[in-house]
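Taking it in order: structure first as structure tokens, then the write-up.
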Amino acid sequence: MESLIAATALFLGMHWIVSGSPLRGVIVARTGEGPFKAMFALTIGVSLAWMGIAYARAPYLETWGTVEAFKPASWMLMALAFAMFGASITARNPTTLGAVPPDQVEARGIVRITRHAGLFALGLWGLAHFPVNGDWASHLLFGSFVVQGLIAPLNLDRKYRKRHGAAWDVFAKQTSYLPFVAIWQGRNRLVLGEINWFAVAGALGLFGVTLAYHQAWFGASPF
């Protein structure tokens, strides 16, 4: 269990203490933006692999046990998570690793719905698994995904507002942190034709494969 705790601490710490705090600016001043992003991506990749290995080896310490009745709801949440992630892959979005400045982006497609579709997909993944798996190792793993996917976007908004100033405010007015809020408030509109449905279909196909082979790959049946 100690290994999983350490891996989870590295994953969350890199996002909240390193990237999401003034420490990022200190490191970038010494290394440059490119090397920092490469180091950050590598460390996150290592932490995720470490989390997966540590989770597989962690002892089973039950809290409420497996909740079979929640599994159908878990499938729906996971299907939505895959669809949102697929739609977010090709969207031009300044919140995707800061790849494009906010003053060069118009909120279109999935970004009209939320500017954090990729992170929300991660959060939904954690949320889909957390109630089903009632043990401490699962709480650590999937709970960290819930925190990073559903709460971290607020920290990202703060960071980008500080970095880009008025340009960020103009972009943020076109979309919202919570899905559909900007559309509901009349700051944007839903245009389904702008969403990359090929990417969504591919992601849902991957979800179907994952569902079929879940027990073989992860040792637990989703059915």
Unique residue being on the phi < 0 side of the Ramachandran plot and either modelled with pLDDT under 90 or open to solvent by less than 20 Å² (accessible area, probe 1.4 Å) (or both) when the list is T31, T63: T31
Give me a count of the residues in segment 174-203 that are under 26 Å from S21 (Cβ atoms) and open to solvent by 60 Å² or more (accessible area, probe 1.4 Å). 1
Hits in segment 112-142 - residues which are outside any helix (DSSP H, G or I), of a type outside the set (S, T, N, Q) and buried (at least 23 other Cβ atoms within 10 Å of the Cβ): R115, H116
Run down A91, A73, A99 and say which single residue is part of a loop (DSSP other than H, G, I, E, B) and either open to solvent by less than 50 Å² (accessible area, probe 1.4 Å) or among the polar types (S, T, N, Q) (or both). A91
Hey, does segment 21-28 have a residue that's touching a residue at least 24 places away in the same chain (Cβ under 8 Å) and either under 17 Å from the mean Cα position of the chain (by Cα) or part of a loop (DSSP other than H, G, I, E, B) (or both)? no
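For the condition in contact (Cβ under 8 Å) with a residue 12 or more places away in the chain, surrounded by fewer than 20 Cβ atoms within 10 Å (Cβ to Cβ) and in a helix (DSSP H, G or I), what is the one hit in F82, F145, F40?
Details: F82 fails: surrounded by fewer than 20 Cβ atoms within 10 Å (Cβ to Cβ); F145 fails: surrounded by fewer than 20 Cβ atoms within 10 Å (Cβ to Cβ).
Result of the check over F82, F145, F40: F40.
The values are calculated or read from the model by the stated rules, or taken from the named source; none is laboratory data. Please read these numbers as outputs of a predicted model, since none were measured by experiment. Every residue, glycine as well, gets a Cβ built from its backbone with ideal geometry; the counts of neighbours run over all protein chains shown. Heavy atoms of the whole protein, side chains included, go into the accessibility calculation; ligands, DNA and RNA do not. Shrake-Rupley method; radii C 1.70, N 1.55, O 1.52, S 1.80 Å.
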